[in-house]
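Following: one structure in structure tokens, then a few remarks.
The values are calculated or read from the model by the stated rules, or taken from the named source; none is laboratory data. Since the structure is predicted, the reported quantities are computational estimates derived from the model, not experimental observations. Quick reminder, even Gly has a Cβ in these numbers, built from the backbone with ideal geometry, and neighbours come from all protein chains shown.
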Amino acid sequence: MMPSTGEMLIILALFVLFFGVDKLPKIARSLGMAKGEFQQGLTDSHTENTEADLERGGRTEAAAITEAAEEVGVEVEGKSVAEVEAELEEE
């Protein structure tokens, strides 16, 4: 059910009273940006990476490699994921 024109004017008047005229464009811009980020998150969540992460128990590839390295005893501090992965392949 859509609000009528009168109801929309009342809502707009309340926003002006609470936030002031200067804040309305900023609020609208931030709401638009939040909507865009939400849509981007929805798009990103439907990628192959998410499916692969779920197959690894909800962990990212980097987290899975780090966990495997710690189990074997490979030091991971200060190393990139590629370096840790290379050390794991050597062992």
Q. Counting only residues that are assigned to a helix (DSSP H, G or I) and either on the phi > 0 side of the Ramachandran plot or in contact (Cβ under 8 Å) with a residue 12 or more places away in the chain (or both), how many does region 1-32 have?
A. 2
Q | Per-region count, region 73-91, residues part of a helix (DSSP H, G or I) and closer than 17 Å to E61 by Cα | A | 9
(Q) Pairs please, first residue from region 48-62 and surrounded by 10 or more Cβ atoms within 10 Å (Cβ to Cβ) and assigned to a helix (DSSP H, G or I), second anywhere and of a type outside the set (S, T, N, Q) and modelled with pLDDT of 70 or more, Cβ atoms under 8 Å, 6+ apart in sequence or on different chains. (A) T50/D44; A52/E61; D53/R59; D53/E61; E61/V81; A62/V81
